[in-house]
Structures are given as structure tokens and as C-alpha cells.
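Just so it is clear, none of the values below were taken in a lab; they were calculated from the coordinates. Being a predicted model, the structure only gives us computed values, none of them experimental. Counting neighbours? That spans all protein chains shown, and the Cβs are built from the backbone with ideal geometry, glycine included.
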Amino acid sequence: MKEKLARIEKDCLVKVNLAKSLKELDNIFLSLFGKNGEMTLLPKDFPKLSKDELRIAAPLFNKVKTELEKSIEDNRIGLREESYKKLESEELDLEQTVELPKRTGHLHPTTQFIQETVELFKKIGFQEFEAPQIDTDEYNFELLNIPKNHPARDLWDTLYINNKTASNKTNGLLLRTHTSNAQIRIMKQLKLPIRMMSIGRCFRYENLDTRHEHTFEQFELVYVDKGLNMANLQYLSEYFIRAMIGKDIKARLRPKYYPFVEPGFGIDAECVFCKGKGCQVCGGIGWLEIGGAGMIHPQVLKNGGIDPNAYSGIAWGPGLGRMMMLRYGINDIRSFLSGDLRFLEKF
């Protein structure tokens, strides 16, 4: 054991003195004190020694270990000092110009899609209306025929803001779950007939996957006039899908429940990735749900100050992220908010 320790010490000191970089010293340290280093494994042989040999080997082992560690650290400090001296002698020419490659920026694909959507519906008489992203429970739910404790609230996975007022009561604020929070404001503030569109960011506590994001852009039409019916809603759906995705894309309305419309429908577009056969993106059904729609519920019209016996209305709202997936052939909705320049530069 004594001879083995002497050999290890001698070989190590030679290597340490010849080391020219911190990386070399790190390698030497690991070869000695790493998981399988010589000095790490050496104590495993102690049980084989006699008591007399152990009395000599144990203190010697500690002495060699301390000396080797100190030698490596001293040389590490010396190499650092040498590198600092080299830096002191270096000069930086601040007047030297470097030609960098020119890069031209562009609008985010979501912004481009929003602008196209707005222009598309302006052509048929719709105007923009902006509603707040942080809103009250009243406008986001209650006035839309979704009272407190209504089971349909579970559909929206709402993110609430638990900020308390001076009276120690919660202020009832939330991040809007849909652009439908604009509906009642539009009805109360504007004169009939109404052709408005609301477009912007919404938030939900979603389990993220290829089709779901916690933050997303939604587009909604609020159309109120005399004599509106499902034929108008079908036309708007086909007008939007065929203009923004392609003339050959099939669209369908599927019965679905939403408290603020009656009847209600899910708007589906044929999956461009599998052509209706079923794949991972569309969940194996061949269609991708892009939004919800329906005839505005009579109670919601009343809440907006409109007589449901004289007027009818359409509420129609697709998610723009899924529309963009179909248009651009993107198989993961999370890509749009990833900030990955390799993805964004494609647009």
C-alpha cells in the first residue's frame, strides 16, 4: 500500500506540473478523485490490510490525498493568473467596423392572419369592437346565460384573479376565456342592426397538446338583425373557411351545447393533414373543430336590451390558431407562441 501511494503521488505531481490548461487539471483531478478515480477506490483495499499495516496506510493516505488536492489547486490558481495576464495585454479596436448580415423583420404569422380576417369581414359590412382581456364574471359568464354554479362553466377552464379589495372581498376579475365577453357590450352600446367583430387574446387553464394552448387568439362575429337564421350562419362559416384555408376545404356544423346560443353548433373543417381519414392532429376523426357558433339565446338578447321577438342574432367564433394550422400545414398549435425564429422565418 505504501509503495502504491508513493507511485500515485509521484505520477500525479509530474502530470500536474506539466499541465497547460484548466481542462487538463480537471481531467487529472477526476482520474484521482472521481467516481472511479484511483484515490477514491483505494480505501476499498483497507479491509485486506492487517492492523499494523492499516495504522501506517490510513494516515499516509490522508497525507497524500491532501498534498495532491493542494498541488492541483495551486496549479489551477497559477493557470488562471496566466490567463488574466494575457487579457491585460489584449487591445480592443472600438473604431473597427464589422459588416453584419442584414435581416428584414416581418409581422408575426398570427398578426398577418388577424389582419387578413379583419379585412375579409369588412368587405361584407362588419366592423371591429374591442373588449377587455381582464374582465368581470358578469360579462364573461352571467350575462351570457351562464349563472354562478352552472355546470357549463367547467367547459371554459377559467383563470381567476384572486386580488382582494380593501374590504377583503375578492374583486371577481378573471382572464377572459372567450371573445364572447364583447357580446353584451356590443348590444348595449350600438344601434340595431348590428354587424360587429371582436378579435383578440383569450386564456384558459388547458392541458397543452398539439391542438390546445393556454393562450390563444379568438375571433367572434355578433350579427343582430331581423329575420336571421341558420342559413346566414352556414354562409358565414363557409365564407371564412374557404377564403382563409382553401376553396376545396369542406366545412360542417355539428350540434353542440353552448349556454349563450340556441341552437348551438361546433364549426368543423376537414383536416388537411389526413384529408378526413383521421390522424394525431385531428384526434383520429378526420375533422378539426375550429370554433363554436349558434343563434344568440333569447335571454342573452334580453340582457343586451334587445327584444328577441323582433330580432334574432348570430354569435360565431372560431379559434384562429387552429385555422392557421390548417392554412399553413402546421401540426402543432404551440409553435405559434414558441418564439422559435426557425419557425417564424418561414412566414
Taking 335-341, 46-52 and ranking on average Cβ neighbours within 10 Å, highest first, one gets 335-341, 46-52
State, in angstrom, two size descriptors of the chain derived from its alpha carbons: Rg to one decimal place and Dmax to the nearest whole number. 34.8, 108
Under 19 Å between alpha carbons, and skipping anything fewer than 8 positions from Lys10 in its own chain: which lysines qualify? Lys2, Lys20, Lys63, Lys65, Lys70
Given the peptides 191-201, 218-228, arrange them by the average over their residues of other C-beta atoms within 10 Å, most packed first. 218-228, 191-201
Dimensions of region 184-318 along principal axes (Cα, Å, largest first)? 45, 32, 24
At what distance in angstrom do the alpha carbon centres of region 184-199 and region 233-261 lie from each other? 21 Å
If amide H atoms are built 1.01 Å from N in the plane of the peptide, which residues on other chains or at least 5 residues away come under 5 Å of the amide H of Gly278? Gly286
Close Lys-Lys pairs in region 109-344, where close means Cα under 25 Å and separation is 8 or more or interchain: 28
Report the gain in length on full extension from Ile124 to Leu22: 0.36 nm times residue separation, minus Cα-Cα distance, nm rounded to one decimal. 29.6 nm
Under 18 Å Cα-Cα from Lys51, which aspartates and glutamates qualify once same-chain neighbours fewer than 8 residues away are excluded? Glu3
Quick one: of the DSSP bridges fully inside region 109-344, what percent are antiparallel, nearest 5? 95 percent
What the Cα atoms of region 98-166 span along the principal axes, largest first and in whole Å, is 61, 41, 26
Taking only Cα atoms of region 2-89, the Rg to Rh ratio with Kirkwood Rh works out at 1.10
